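S.K.: Just passing along the structure, written as structure tokens.
Coordinate-derived values only; no laboratory data. Since the model is a prediction, treat every value here as computed from it, not as a measurement. FYI the Cβ positions are ideal-geometry reconstructions off the backbone, even for glycines, and counts take in every protein chain you see.
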Amino acid sequence: MNTTESFTQPISQSSDRRNDLDALRAFAMLLGIVLHGAVSFIPYAGVIWGVQDSQSNPLYAVLLSSIHGWRMPLFFLVSGFFTAMLLKKCGLRALLAHRFKRIFLPMMLAMVTIIPLLLVVSGYVRSHGGEETTQEANESPRSNLADESYSKNKKLDVDVFKSVVIGDQASLASFLNQGGDVDVKDEQGSTPLHVACLFGRAEMAKLLLNAGASLDARNNDGLRPEALLKLDWGTTAYIAQLVQLPVRQDDVLEGRERIGQSISQKTGRSVMASLQAETDGGRLEGMIALLFYFPVFHHLWFLWFLCWLVLGFALIVKLTQTFRIPAIPSSLLTSATRYAWIIPLVAVPQYFMAQAENAYGPDTSTGIFPIPAVFIYYAIFFGYGALYFGANDRGVKVGKGFWWTLPFALFILFPVGLSLKGAETTGYRILFSVLQVSYTWVMSFAMIGLFHRLFSSQRLWIRYVSDSSYWLYLAHLPLIILLQFLVRNWQLPSMLKFTFVCSVSIGLLLISYQLFVRGTFLGALLNGRRYPLRETPSKPKNEESDAEKTVLTQSNA
């Protein structure tokens with residue numbers, strides 16, 4: 001039997017429904033809300049995210065990495081599985097039509113509604129985020145020991161990078177006066193002085209230099225701060241767009257020249273600043289960078305990837321119909337020997353990702369063109385999912401032993417791999433990559449086994465959550481950011497605020513789904529069926545039509 005035949009044989013009744021994978025897909029969607037809900041609580045994340053909570057804790061970065069390391073790879077694996085299922089049930093033409101309606105159209109609709117709303121919300125919180133911090137910095141010193149201890153710890157709540165970017169001198173001075181690390185590094189290995197030189201923040205650079213900021217500190221690209229004084233305008237403007245910072249070319253050049261003078265006065269050597277004009281080659285490089293890296297799709301990037309992957313899948317199906325390609329033996333997909341080839345295969349694109357000092361897991365690609373390493377990485381998981389469907393693993397061999405592989409992944413593979421973050425030598429980078437993808441695969445298979453054990457039978461509430469999860473993920477980000485902004489200065493434990501942000505977001509989105517989506521054309525667009533507003537899912541009388549509907553519904557992602 002060749003590969004095409006494995007996808008086109010009549011589908012068996014037992015494989016019509018995979019309630020466990022449907023529940024797992026919904027769980028992965030909801031975890032995305034949890035993941036984004038944690039970002040504002042990570043120290044120094046505000047310069048990129050826009051909101052920095054006053055009760056930040058590095059443990060949230062660990063939580064984020066532990067989820068990010070396997071969630072989206074597993075999502076693409078499940079997507080590949082249901083894509084192959086849909087092909088086998090309905091054929092290639094119906095598959096392409098279904099994906100167009102369930103993926104491309106919702107993505108385009110969200111691009112003209114949710115994404116503009118996200119940009120408005122992000123702009124608002126960035127423009128108002130420093131007000132209370134600045135006010136607190138100007139308050140009179142506290143007198144008693146308890147207040148002094150509180151004030152000393154408040155330095156951890158100042159986002160020094162954001163202060164430099166927006167030119168908040170009061171916050172930066174407060175950070176430095178309270179003993180903040182003047183050479184603290186962000187995920188790109190840049191210090192606050194790097195950021196000041198990049199955007200020409202002369203007054204901020206002067207404060208940092210007076211506080212002893214190092215001129216020899218190197219970022220992940222090996223550049224010292226003063227090297228950024230000569231960065232070309234195209235790259236500077238691109239980085240400014242990434243952090244949503246409005247900049248003027250003349251202002252940046254003037255600021256850089258003043259910083260160069262400050263460095264010259266401090267060191268006694270001549271330091272030149274410039275804003276190199278773009279050459280033809282520079283313009284081309286800038287255009288390529290914009291196509292690959294400019295954040296067009298934001299959190300909808302996975303839908304854009306699915307569009308590419310479905311087209312690639314259809315092309316491969318056509319090729320296998322022309323050339324008889326032998327199918328991969330099921331044992332290579334379901335037995336323990338699968339790790340011998342899937343781990344090194346995925347470790348190759350992983351090697352080119354997570355190169356920043358604090359990065360872990362796969363990178364994200366939000367541009368018009370997918371970044372090659374990121375696309376290849378997710379294509380492998382999607383392809384494995386499609387092949388796994390053809391393996392007809394009714395007993396879910398891939399998930400056996402989840403009761404021990406799950407803790408093995410979480411408490412051994414993950415922390416050991418996490419300890420190698422920022423590895424620079426080739427040997428350690430290879431080991432880092434292998435450990436990361438090992439965690440990803442073991443967690444993915446363990447979650448498949450766990451959900452097969454818990455959710456194999458049909459449950460009405462799982463069907464409802466599965467239907468709603470698509471909408472929840474599409475619409476969640478503006479609401480998450482607004483709630484994070486609302487609670488950022490509450491003097492409550494971070495866990496309470498984090499729980500509040502996630503639970504309120506999910507609750508409000510579920511209400512919006514029930515009232516405005518489920519019984520409307522949006523519900524039909526997202527889930528393939530328009531439920532009456534007061535109807536709850538019930539067992540259909542026609543089992544065959546229900547089976548077909550399940551294949552289509554489960555294949556949404």
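S.K.: If you filter segment 299-330 for chymotrypsin sites (Phe, Trp or Tyr not before Pro), then keep DSSP loop positions with at most 16 other Cβ within 10 Å, what is left?
M.R.: Answer in residue order: PHE323.
S.K.: Taking loop as defined by DSSP and a crowding limit of 11 other beta carbons within 10 Å, which chymotrypsin sites (Phe, Trp or Tyr not before Pro) in segment 447-492 fit?
M.R.: Values: sites: PHE451, PHE455, TRP461, TYR464, TYR470, TRP471, TYR473, PHE485, TRP490; in loops: TRP490.
In loop regions of segment 447-492 (DSSP not H, G, I, E or B), there are no sparsely surrounded chymotrypsin sites (Phe, Trp or Tyr not before Pro).
S.K.: In what order do VAL120, VAL501 fall by count of nearby beta-carbon atoms within 10 Å, going from fewest to most? Kindly include the intermediate steps, with their values, before the conclusion.
M.R.: Details: VAL120 11, VAL501 27.
The order, fewest Cβ neighbours first, is VAL120, VAL501.
S.K.: Still on this structure: Hey, fewest Cβ within 10 Å first, where do LEU253, LEU311 land in order? Write down the numbers at each step before the final one.
M.R.: On the way: LEU253 17, LEU311 12.
Starting with the residue having the fewest Cβ neighbours, the order is LEU311, LEU253.
S.K.: Here's something else I'd like to know. For the residues VAL112, VAL437, what sequence is obtained by ranking on other C-beta atoms within 10 Å, fewest first? Could you put the intermediate results ahead of the total?
M.R.: Details: VAL112 8, VAL437 30.
The fewest-first ordering by Cβ neighbours comes to VAL112, VAL437.
S.K.: What FRET efficiency do you get for LEU315 and ASP216 if R0 is 41 Å and r is their Cβ-Cβ distance, rounded to the nearest 0.05? Could you put the intermediate results ahead of the total?
M.R.: Working: r = 51 Å, r/R0 = 1.25.
Efficiency at R0 = 41 Å is approximately 0.20.
S.K.: Further question on the same structure: Using the beta-carbon distance between ALA170 and GLU424 and R0 = 35 Å, what value does 1/(1 + (r/R0)^6) give for FRET efficiency, to the nearest 0.05?
M.R.: Values: r = 37 Å, r/R0 = 1.05.
Efficiency for this residue pair is about 0.45.
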